[in-house]
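The values are calculated or read from the model by the stated rules, or taken from the named source; none is laboratory data. These figures come from a predicted structure and were not determined experimentally. Note that each Cβ is placed from the backbone with ideal geometry, even for glycine, and that neighbours are counted across all protein chains shown. With ligands, DNA and RNA removed, areas are computed over all heavy atoms of the protein, side chains included. Shrake-Rupley method; radii C 1.70, N 1.55, O 1.52, S 1.80 Å.
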Amino acid sequence: MTRIKTSYNRRSFMKVSAAASGGMLIGFSWLNGCVPATSDKKTGLAVPKEWFDINGYIKIGDTGLVTIYSPNPEIGQNVKTSMPMIVAEELDVPWENVIVEQAPLNTGFYQNQFAGGSLSIRLSWNALRMAGATGRRMLMEAAAKEWGLTVADLTAKDGQILETNGERTVSYGEIASKAVGIEIPEEVELKQVKDFKLIGTSIKNVDGKKIITGEPLFGLDFKREGMKIAMIQHPPAFGMTVKDFNAEEIKKMPGVTDAFIIDTTLEEVGMFDEKGFLQLIAIVGESTWPLIQAKKAIKANWENIGELEDSSLHVERLEKALTSGKVQESRIDGNPDAAFKKAAKVIERTYSAPFIAHNTMEPMNFFANVTENAAELIGPTQTPEALEGSVAKLLNMPLENITVNMTRIGGGFGRRLYVNFGVEAAAISKKIGAPVKLIYTREDDMSQGTYRPTYRARYKAGLDENNNLIAFSVKGAGLPDGPIFPKRFPAGAVENYKAEKIGGETNVTTGAWRAPRSNFTAGAEQSFLDEVAELAGKDPIDFRLELFERAINNPVGEEHDYEAERYAGVLKMVKEKSNWGEKIPGVHRGVAAYFCHSTYVAEVFDMVMLHGQPKIKKVWCAVDCGIVVNKDAAKNMVEGGVIDGIGHSMYSKLTFANGAVSEMNFDRYQLIRHSQVPEEIEVFFVENEIAPTGLGEPGLPPAIGALANAMYKATGQRYYHQPFATERQVIG
Amino acid sequence: MASFNLNINGKTQQVDVDPSTPILWVLRDHLDLLGTKYGCGIAQCGSCTIHVGGMAVRSCQLPVSAVGNQEITTIEGLSENGDHPVQQAWLEHDVYQCGYCQAGQIMSASALLKSNPNPTDEEIEGSMNGNICRCGTYTRIKKAIKTAAANSENA
């Protein structure tokens, strides 16, 4: 056991409520059917008559059933299962006895209640363990008091407390009522990693049964008595706003109860607030289809308030940024200019990627019920706290009058870090004085985005006569922000090194898209290194390992932001697992490794030619994310990241004409489909006892490099410009 | 507005809606059958897949007036208790990530297995290509379909 002070957010461990019903958390209920706000599990235990709140994470019923609250938004990264697993591990309760509930936003109890940056598990690891350990300790103290013993005389395991040198036992359910009054321990003991029973196993998704039977789970499924439906229409192009529209005509249409313009301008604009379309046409009615019809009948006067940008302008701006743009961040080691001059071989390559949309399968939507003194928000958000803050600003209402509940979320990928759709729902609810659910059509969703910025980067490498890499430089421009992380690999591994991140202008709204910046940089850098290794006549894995050796033994310059040993570790692992040296006729292999979001991933792609087309036969992944919490779910995340990386680099792009998005739906915007994915993906994890880091993003970036490198081996052609399937540089 | 008697999941349901209303919105807005999902509205993503007369159909493109008395099955009616072999295989492989597209995937897969109980990889890809999974659970979906096929054969 590791003894640890319970300093971490002690408020969440406090006795939370005297109410036997567990009334401290304001949950919400689904209107249709009798769907309880619990997850499916066949516990085999009777439904408790009484529940006892142990702390902000744990509620124990008199029958031994344990409710664990999952604090963070569930966007498909499976935290609704894996976060409660961590609590259950330390509480030491059989998973069969656990039911999981989504916690609402509660900044008093929980910290870091958001889904982003692959941070949920990483940031909450200690808090979740402590929540479980605190609960266990309190139950033990209650039992010790009952039996006139001390905690040292007792053992707690599998939902039972046992007298270590005696015969008495008591279940958590039987003792829970007595634990409620116990003072929160100053110190608790955490398990040693080797004693974990649940962490490291594969636990199935707690919402699985509901998903496969179609129970309402998502924001779009939420209904409330008296609730209206609303849709919005934003201007047709970035750089435009709405002046007026045929509101009277629209209001007379069947199924329409109201139509007006909302203004969501906030005095202070936060990181996650809308920056593009602030004035929107809103149409309200009783059901969805009449509103979709009414949207088509809108005749609006749109006004130009900014430049109407084309994709060709974006390419020009990126090129200009690369030659004379504003450097946002940079790093220089040694003397790159001099080193390039004396290099025996120099290679320079340019890479690019277009704007892309998030395209979560569940389009943006939110429920809002704004009354004179309060606002209730329910729906899919990755950042409930940011939403609460923005709604407070919009309504000029104190934070404590606003509640935010999270539904299960039909995909995030970064789009739902931004809160405009929730703010818009609140503005509409306020205007009509009724509860409302705002729904975006797919076209609204795709054309009012916070897109992945478009990028362009120039890589240059110099080799000496002995084919050693003596100089490396990269300049990466993006609209509006550049893609380069100057302190990342190969910083620290090359004597003469220069990296510049450069920004440019656009009024297209952009934001975090799964593995921001890494989703471009990894592909570009790892394809470039493949070409450099080839020029040096070296095996691509050995070439990279040589660089890591340098970073381990004699690092160049000030600190770099990766651990070279762990980086090399995943490369070595994927080399071994994939039998890298082995030549199989007809199989073309590419490799890449990348570190982002505190996790190291290396991937090998095996490609074959089928009917003249490259086809991915197998992907091998080696991952170092520290301790793996839920093994099969962790594999699922990596598999999804690989497929997402392939899909977006091969097929997806957004183009602009006169400020308007040309791809508005899946007929023109291509997403990867069944026939285009690898036949098999195998995932291996490095085993260690390092505190866990995230997996939502790190599987994606290296896939792009490994794909490009394997395609080169299969086709003889290098791929520089995404989407690779078209390889057209005109894409902005 | 017009009145329609629909045969959904073995029950007759009456709705009064505009005849152009797609079955998707009839299910979701008027009958509270929310398992069938809206994804694109133009039959490109497959999230709204249901069975009409046993065939997989995109409900976002099927007006209520075109249905007549054909038998409609939605995800809620695919089995009594989530025990259809395809649903069971989804549980076994823990297929889903966000889960939003999976009802549509399951409806497409179950229609495929009904007409072709033992599909090849290419046949699976061919009939599942209309169903997008943005999370990228495709390899698990394929495995689950094969498991369901094998389990149905052994049943």
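Limited to region B:105-129, what total is found for residues that are in a loop (DSSP other than H, G, I, E, B) and either facing chain A (nearest Cβ under 8 Å) or open to solvent by 20 Å² or more (accessible area, probe 1.4 Å) (or both)?
Within region B:105-129, residues that are in a loop (DSSP other than H, G, I, E, B) and either facing chain A (nearest Cβ under 8 Å) or open to solvent by 20 Å² or more (accessible area, probe 1.4 Å) (or both) number 5.
Would you mind telling me which numbered condition in (1) within 14 Å of chain B (Cβ to nearest Cβ); (2) open to solvent by less than 40 Å² (accessible area, probe 1.4 Å); (3) assigned to a loop (DSSP other than H, G, I, E, B) A:Ala237 fails?
Among (1) within 14 Å of chain B (Cβ to nearest Cβ); (2) open to solvent by less than 40 Å² (accessible area, probe 1.4 Å); (3) assigned to a loop (DSSP other than H, G, I, E, B), the lone unmet condition for A:Ala237 is (1).
Quick one: in region B:130-141, of everything that is part of a loop (DSSP other than H, G, I, E, B), free of Cβ contacts under 8 Å to residues at least 60 places away in the same chain and among the hydrophobic types (A, V, I, L, M, F, W, C), which residue is farthest from the other protein chains (Cβ to nearest Cβ)?
First, the residues of region B:130-141 that are part of a loop (DSSP other than H, G, I, E, B): B:130-137.
Subsequent filtering for residues that are free of Cβ contacts under 8 Å to residues at least 60 places away in the same chain retains B:133-137.
Checking which are among the hydrophobic types (A, V, I, L, M, F, W, C) leaves us with B:133, B:135.
On the way: B:Cys133: 8, B:Cys135: 5 Å.
It comes out as B:Cys133.
Got a sec? Which of A:Pro516, A:Pro585 is closer than 25 Å to A:Ser352 by Cα, out of contact with any helix residue (DSSP H, G or I) (no Cβ under 8 Å at 6 or more places or on another chain) and either assigned to a loop (DSSP other than H, G, I, E, B) or aromatic (Phe, Trp, Tyr) (or both)?
Values: A:Pro585 fails: closer than 25 Å to A:Ser352 by Cα.
Checking each option against the conditions leaves just A:Pro516.
Could you tell me which residue of region A:248-266 is surrounded by the most Cβ atoms within 10 Å (Cβ to Cβ), considering only residues that are more than 14 Å from chain B (Cβ to nearest Cβ) and more than 39 Å from the chain's Cα centre (by Cα)?
A:Lys251
Here's the yes/no breakdown for (1) of a type in the set (S, T, N, Q); (2) open to solvent by less than 10 Å² (accessible area, probe 1.4 Å); (3) within 30 Å of A:Asp273 (Cβ to Cβ):
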{"residue": "A:Gly492", "(1), (2), (3)": "no, yes, no"}
{"residue": "A:Ala499", "(1), (2), (3)": "no, yes, no"}
{"residue": "A:Gly537", "(1), (2), (3)": "no, no, no"}
{"residue": "A:Glu558", "(1), (2), (3)": "no, no, no"}
{"residue": "A:Leu571", "(1), (2), (3)": "no, yes, no"}
{"residue": "A:Asn579", "(1), (2), (3)": "yes, no, no"}
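If we keep just the residues of region B:5-30 that are buried (at least 20 other Cβ atoms within 10 Å of the Cβ) and of a type in the set (A, V, I, L, M, F, W, C), which is nearest to the other protein chains (Cβ to nearest Cβ)?
Looking at the filtered set, the residue picked out is B:Trp25.
(1) open to solvent by 10 Å² or more (accessible area, probe 1.4 Å); (2) in a helix (DSSP H, G or I): which one isn't true of A:Thr107, the others all being true?
(2) is the only condition that A:Thr107 fails.
Can you pull out every residue in region A:129-172 that is touching a helix residue (DSSP H, G or I) at 6+ places or on another chain (Cβ under 8 Å) and of a type in the set (Lys, Arg)?
A:Arg129, A:Arg136, A:Arg137, A:Lys145, A:Arg168
Looking only at region A:673-698, count every residue that is open to solvent by less than 10 Å² (accessible area, probe 1.4 Å) and not β-branched (Val, Ile, Thr) and tell me the total.
5
For region A:183-204, give me each residue that is farther than 17 Å from A:Asp92 by Cβ and modelled with pLDDT under 95.
If the condition is that a residue be farther than 17 Å from A:Asp92 by Cβ and modelled with pLDDT under 95, then A:Glu183, A:Ile184, A:Glu186, A:Glu187 are the ones that fit.
Which pairs turn up if I take residues in region B:27-39 that are modelled with pLDDT of 95 or more and look for partners that are open to solvent by 30 Å² or more (accessible area, probe 1.4 Å) and not in a helix (DSSP H, G or I) with beta carbon separation below 6 Å, at least 6 apart in sequence or on another chain?
B:Leu31/B:Gln13
Look at region A:316-367 and say how many of its residues are on the phi > 0 side of the Ramachandran plot and open to solvent by 20 Å² or more (accessible area, probe 1.4 Å).
1
Restricting the search to region A:632-645, which residues are over 18 Å from A:Asn519 (Cα atoms) and within 11 Å of chain B (Cβ to nearest Cβ)? Give the derivation first.
Pass one, region A:632-645, residues over 18 Å from A:Asn519 (Cα atoms): A:632-636.
Matches in region A:632-645: A:Asp632, A:Ala633, A:Lys635, A:Asn636.
Kindly check whether there is at least one residue in region A:140-152 that is within 14 Å of chain B (Cβ to nearest Cβ) and open to solvent by less than 60 Å² (accessible area, probe 1.4 Å).
Checked against the condition, which is being within 14 Å of chain B (Cβ to nearest Cβ) and open to solvent by less than 60 Å² (accessible area, probe 1.4 Å), region A:140-152 yields no hits at all.
Sort through A:Phe666, A:Phe684 and tell me the only one that's outside any helix (DSSP H, G or I), in contact with a helix residue (DSSP H, G or I) (Cβ under 6 Å, 6 or more places away or on another chain) and at pLDDT 95 or above.
Numbers: A:Phe666 fails: in contact with a helix residue (DSSP H, G or I) (Cβ under 6 Å, 6 or more places away or on another chain).
Only one candidate qualifies: A:Phe684.
How many residues, within region A:74-90, are touching a residue at least 60 places away in the same chain (Cβ under 8 Å) and part of a helix (DSSP H, G or I)?
9
Please pick out the residue among A:Asn396, A:Asn373 that is at positive phi, more than 14 Å from chain B (Cβ to nearest Cβ) and free of Cβ contacts under 8 Å to residues at least 60 places away in the same chain.
The match here is A:Asn396.
A:Glu549 fails exactly one of the following numbered conditions: (1) touching a helix residue (DSSP H, G or I) at 6+ places or on another chain (Cβ under 8 Å); (2) touching a residue at least 40 places away in the same chain (Cβ under 8 Å). What is the number of that condition?
Among (1) touching a helix residue (DSSP H, G or I) at 6+ places or on another chain (Cβ under 8 Å); (2) touching a residue at least 40 places away in the same chain (Cβ under 8 Å), the lone unmet condition for A:Glu549 is (2).
Is there a residue being assigned to a loop (DSSP other than H, G, I, E, B) and within 10 Å of chain A (Cβ to nearest Cβ) anywhere in region B:47-57?
Checking region B:47-57: at least one residue is assigned to a loop (DSSP other than H, G, I, E, B) and within 10 Å of chain A (Cβ to nearest Cβ).
So for region A:699-713 (the condition being open to solvent by 10 Å² or more (accessible area, probe 1.4 Å) and farther than 16 Å from A:Trp513 by Cα), does at least one residue qualify?
Yes: one or more hits.
So which of B:Asn118, B:Asn131 is within 18 Å of the chain's Cα centre (by Cα) and not basic (Lys, Arg)?
B:Asn131
Output the number of residues of region B:26-46 satisfying the condition of being in a loop (DSSP other than H, G, I, E, B) and more than 10 Å from the chain's Cα centre (by Cα).
The qualifying residues number 12.
To keep it simple, each residue is scored yes or no on (1) in the same structural domain as A:Phe656 (by TED's automatic domain parsing); (2) surrounded by 21 or more Cβ atoms within 10 Å (Cβ to Cβ); (3) in contact (Cβ under 8 Å) with a residue 40 or more places away in the chain; (4) β-branched (Val, Ile, Thr).
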residue: A:Ser390; (1), (2), (3), (4): no, yes, yes, no
residue: A:Met406; (1), (2), (3), (4): no, yes, yes, no
residue: A:Gly411; (1), (2), (3), (4): no, yes, yes, no
residue: A:Arg416; (1), (2), (3), (4): no, yes, yes, no
residue: A:Ala426; (1), (2), (3), (4): no, yes, yes, no
residue: A:Lys431; (1), (2), (3), (4): no, no, yes, no
residue: A:Leu469; (1), (2), (3), (4): yes, yes, yes, no
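Which one is least open to solvent (accessible area, probe 1.4 Å), of the residues in region B:86-103 that are more than 24 Å from A:Gly696 (Cα to Cα) and either more than 9 Å from chain A (Cβ to nearest Cβ) or out of contact with any helix residue (DSSP H, G or I) (no Cβ under 6 Å at 6 or more places or on another chain) (or both)? Break it down into steps so the answer makes sense when it comes.
Here is the first cut: in region B:86-103, the ones more than 24 Å from A:Gly696 (Cα to Cα) are B:86-89.
Subset that is either more than 9 Å from chain A (Cβ to nearest Cβ) or out of contact with any helix residue (DSSP H, G or I) (no Cβ under 6 Å at 6 or more places or on another chain) (or both): B:88-89.
Numbers: B:Gln88: 80, B:Ala89: 1 Å².
Here the residue is B:Ala89.
Take the residues of region A:646-659 that are in contact with a strand residue (DSSP E or B) (Cβ under 9 Å, 6 or more places away or on another chain) and either without any contact (Cβ under 8 Å) to a residue 60 or more places away in the chain or not in a loop (DSSP other than H, G, I, E, B) (or both): which is farthest from the other protein chains (Cβ to nearest Cβ)? Lay out the reasoning, then the answer.
First, pick out the residues of region A:646-659 that are in contact with a strand residue (DSSP E or B) (Cβ under 9 Å, 6 or more places away or on another chain): A:646, A:648-649, A:652-656, A:659.
So of that shortlist, the ones also either without any contact (Cβ under 8 Å) to a residue 60 or more places away in the chain or not in a loop (DSSP other than H, G, I, E, B) (or both) come out as A:646, A:648-649, A:654, A:656.
On the way: A:Ile646: 8, A:His648: 10, A:Ser649: 13, A:Leu654: 15, A:Phe656: 21 Å.
So the residue we want is A:Phe656.
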